[in-house]
Every structure is written in structure tokens, then in C-alpha cells.
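The values are calculated or read from the model by the stated rules, or taken from the named source; none is laboratory data. Everything quoted here is computed from the prediction, not taken from an experiment. Counting neighbours? That spans all protein chains shown, and the Cβs are built from the backbone with ideal geometry, glycine included. We work out accessible area using only protein heavy atoms, side chains counted, and drop any ligands, DNA or RNA first. Shrake-Rupley method; radii C 1.70, N 1.55, O 1.52, S 1.80 Å.
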Amino acid sequence: MTNRIVPPFFEMGPKSYKLGQDVVDIAQLADQAAAKFDIRVIFTAPFLLLERIAATTNNLLVFAPYIDDIGMGREGAGGKILPESVVAAGAKGVQLNHSQKPLPLSTLCNLVHRAQELDLLTEIVASSMAEIRAVATLTPDVIIAEPLELIGTTTSADLSYIQTAVNTIRAIDKGIGILIGAGINTGEDVYKCIYSGADASGSASGIFTAKDPEVVIDEMFSAVRRAWDDRHNNQINR
């Protein structure tokens, strides 16, 4: 497997911190900053804003926050999320197994296959090394490794967690993008994750609860670019 999302990259999404036009406005700030710093940006958008954000941005990979393992027709009735519907709305990928919507491994396997049938990128959230190891066998495009206890806090993962997660995933499939998340609130947090071996980092509350999201986006995206460049320049100069 080769990387389908070229690193370095960053993931962000509003969860329920912002609604409506506020989310669209921040997506457009991220769109501009992605071009400015030449990084890929995954924007995990609420279902009701998928189409709007996909249609009004140029540099974001817009992801749905979930899909169900259902097909077209009668099976898709009853309030479930049809994978084809997020594709039709302009989504390029889907996030699965978020801490607020955990899924059994068998369900994740089915959903990854459904997404692959539709050429949807997949990112799977995992916390423990055992869970990270298990989901890596499903060959998603990205694994978001984040300690469950740090989600929504101001404390990011330590170097031991970052390096162990990176080594665990790369031992199984070097083509899986590795994102370290949880407790990411500053550019320094982002820099640490990527300089220490990850392909990406990401933030929700750090951006969407900020007094000035544009300042935080620039700080974090700049850190993505600097960490990646510094890491690779240091490798070349060794």
C-alpha cells in the first residue's frame, strides 16, 4: 500500500463546538492556510455541511464523520448514513471509530471495504497499542492514534506514545498515514508529533473554541510544515 494522502497533513473538525456558517467560515480559513503552507488538510465536516464545504473550498479533503454499512434502496431507509450519499455530497473520505462512536473490528472491516468500493479515503481512530495494531491490519488510509484520556484536554501525547504508535503501524504497513491527536492545542504540540515521526497531527477544540481561529490555524499549519521540513533536512544531513 502506498500513501494516498501525501504527507505532511493535518486533520480538523468542529464536532459540536461550532455550527452552520461559523463552521463554513473556519473551513474557508483552513482552505486558504492549506495553500499558504502547502500541506494537505482533512476537514471532517458535519453531515449537513458536507456539500456546502466541499463546494466552497479548493484545498481541503472533506471527510464525513461516519457511514453505515448499508446499500442503496430500501436497506438505506431509517435514518442511517448511506456511503453513496456522502460521496454525492462531495466527501473524499470518512472517519471511523471515533471515541464517541466506537465500532467492533468486524464492522470496521466491512466499512473499510464499503469505502474502498466507492474510492472513499478512510481514517480510523485508535487509542491503545493493541487497538492500533488491530486496525492497522484493515489497511485504512490513515490511523488517528490518540490516547483516549487526553481527548479534549490541554495535554498532548508524550514521546513514548508517539514513537511506539509510529513503530507499531509502520511494522504492519508503511503506507498507512499516521496522525497523532488528542490534546493538540498549540503549534508546539503539532511540531512535536510530526518531528517525532508522525505524518500528521490534528485538532478540534484547540481550533474551534479559540478566540481567533485564524491565528491558531496559521500557527498549527506552519508547525506542520516546519516539523516536516526540519525532520527531513536533519535526516539528509546525518
Assign one of three labels to segment 124-179, namely rounded, prolate or oblate, based on the Cα gyration tensor with a ≥ b ≥ c the square roots of its eigenvalues; rounded applies when a/c is under 1.5, prolate when it is not and a/b is larger than b/c, and oblate otherwise. prolate
Sketch the reach of a paramagnetic label on D212 as a point 7 Å from Cα along Cα-to-Cβ, and name the residues of segment 12-44 whose backbone nitrogen lies under 19 Å away. 25-34, 36-37
Charge tally for neighbours of N3 with beta carbon under 15 Å away, counting Lys, Arg as +1 and Asp, Glu as -1, is 0
Between segment 1-68 and segment 180-229, what's the alpha-carbon centroid distance in Å? 15 Å
Compute the signed sum of charges (Lys and Arg +1, Asp and Glu -1) over the other residues within less than 12 Å, Cβ to Cβ, of Q32. -3
Leaving out ligands and nucleic acids, and using a 1.4 Å probe, what accessible area per residue does segment 193-238 come to in Å²? 46 Å²
Take peptides 112-122, 62-72 and line them up by average Cβ neighbours within 10 Å, highest first, as a rough protection proxy. 62-72, 112-122
Suppose every Lys and Arg Cβ carries +1 and every Asp and Glu Cβ carries -1, with no other charges. What dipole size does segment 91-146 come out with about its Cα centre, to the nearest 20 debye? 100 debye
Charged-residue dipole, Cβ positions (Lys, Arg, Asp, Glu), the chain about Cα centre, Debye nearest 20: 300 debye
Simple SL model, points at 7 angstrom along Cα→Cβ for N234 and D158; separation in nm is 1.9 nm
Total Lys pairs in the chain closer than 20 Å by alpha-carbon, pairs eight or more apart in sequence or interchain only? 8
Take the solvent-accessible surface of the protein heavy atoms, probe 1.4 Å, and return the percent of it on segment 53-105 that carbon and sulfur atoms account for. 52 percent
Could you point to the label whose value was computed as semi-axes √(5λ) of the Cα gyration tensor in Å for the structure here, given (1) 26, 22, 16; (2) 32, 20, 16; (3) 30, 21, 16? (1)
Three-way shape label, segment 119-238, alpha-carbon gyration tensor, a/c 1.5: oblate
With x for Gly and Pro, the residue-by-residue ³J(HN,Hα) of segment 29-40, computed from phi through the Karplus equation 6.51 cos²θ - 1.76 cosθ + 1.60 at θ = phi - 60° and given in whole Hz, is 5, 5, 4, 5, 6, 4, 5, 4, 9, 6, 10, 7
With a sphere of radius 10 Å drawn around the Cβ of G202, what net charge do the other residues whose Cβ falls strictly inside it have (Lys, Arg +1; Asp, Glu -1)? -3
